[in-house]
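To keep things clear, I will list the structure first and then write my remarks on it.
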Amino acid sequence: QVQLVESGGGWVQAGGSLGLYCAASGRSSRISTMGWDRQAPEKQRELVATVSRGGRTNYADSVKGRFTISRDNIKNTVYLQMNSLKPADTAVYYCTVARFGADYWGQGAQVTVSS
C-alpha cells in the first residue's frame, strides 16, 4: 500500500497562485507516474498533470502554460505550482501515483478561486 498526504491549496482570487504538495509513504519505492487529478462540483474527475519517473510531463489543455508539475524521486514527493488561477480551476485536487500497475489517490485538497 501507498499512503499519500497532500498539503497546500486554499483560497485565492483570480489571477493568483497556489501550490499543492504531496508526499508518498509506505510502499513508495519504484513509484512510476505521479500526478494530480481534480473534481469540481457536479463534474467528472479530470486529469490535471502527470510527471513520469524520468521527468516527462503531461498537462490538461486547460492548465497548460499556467500549472507546473515537479517531483522528487528520492523523497517521493510531487508538487503542483498553479499560477494565473481562474474560477474554473476551483475543485478538489487529488494527488495520484501509480506503482506496479496499481493506482493510489490522496484524500484531496480544496482549491477555491474567486472572481
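The values are calculated or read from the model by the stated rules, or taken from the named source; none is laboratory data. Owing to the predicted nature of the structure, the values given are computational and were not obtained by experimental measurement. With ideal geometry, Cβ positions are generated from the backbone for all residues, glycine too; neighbour counts draw on all protein chains shown. What goes into the accessible areas is simple: the full protein's heavy atoms, side chains included, and nothing from ligands, DNA or RNA. Shrake-Rupley method; radii C 1.70, N 1.55, O 1.52, S 1.80 Å.
Evaluate the following for Thr112: is it over 11 Å from the mean Cα position of the chain (by Cα), within 17 Å of Gly8 (Cα to Cα) and either modelled with pLDDT under 95 or surrounded by 13 or more Cβ atoms within 10 Å (Cβ to Cβ) (or both)?
Taking the combined requirement at face value, the residue satisfies it.
If the condition is being hydrophobic (A, V, I, L, M, F, W, C) and open to solvent by less than 10 Å² (accessible area, probe 1.4 Å), then segment 76-108 contributes Val78, Leu80, Met82, Leu85, Ala91, Cys95, Val97.
Restricting segment 68-91 to residues that are in a loop (DSSP other than H, G, I, E, B) and without any contact (Cβ under 8 Å) to a residue 60 or more places away in the chain, the residue that is farthest from the chain's Cα centre (by Cα) is Ile74.
Contact map, segment 1-28: first residue closer than 20 Å to Ser70 by Cβ and without any contact (Cβ under 8 Å) to a residue 60 or more places away in the chain, second residue acidic (Asp, Glu) and open to solvent by less than 20 Å² (accessible area, probe 1.4 Å), Cβ cut-off under 9 Å, separation 6 or more or different chains; pairs are Tyr21/Glu6; Ala23/Glu6. Of all the numbered requirements in (1) part of a strand (DSSP E or B); (2) more than 28 Å from Ser114 (Cβ to Cβ); (3) open to solvent by less than 60 Å² (accessible area, probe 1.4 Å); (4) not acidic (Asp, Glu), Gly55 misses one, and that requirement is (1).
Restrict the check to segment 52-60 and report whether at least one residue is out of contact with any strand residue (DSSP E or B) (no Cβ under 9 Å at 6 or more places or on another chain) and in contact (Cβ under 8 Å) with a residue 40 or more places away in the chain. No, segment 52-60 contains no residue that is out of contact with any strand residue (DSSP E or B) (no Cβ under 9 Å at 6 or more places or on another chain) and in contact (Cβ under 8 Å) with a residue 40 or more places away in the chain. For first residues located in segment 95-115 and farther than 12 Å from Val2 by Cα, partners that are hydrophobic (A, V, I, L, M, F, W, C) and not in a strand (DSSP E or B) and lie 6+ apart or on another chain with Cβ distances below 9 Å form the pairs Val111/Leu85; Val113/Ala14; Val113/Leu85; Val113/Ala88; Ser114/Ala14; Ser115/Ala14.
Could you check segment 13-32 and list, in sequence order, the residues that are part of a strand (DSSP E or B), under 14 Å from Val111 (Cβ atoms) and within 17 Å of the chain's Cα centre (by Cα)? Scanning segment 13-32 gives Leu18, Gly19, Leu20, Tyr21, Cys22.
Selection of segment 58-75 for residues being open to solvent by less than 80 Å² (accessible area, probe 1.4 Å), among the basic types (Lys, Arg) and under 17 Å from Asp89 (Cβ atoms) yields only Arg66.
Only residues that are among the small types (Gly, Ala, Ser) and either modelled with pLDDT under 95 or buried (at least 20 other Cβ atoms within 10 Å of the Cβ) (or both) were counted across segment 8-50, and they come to 9.
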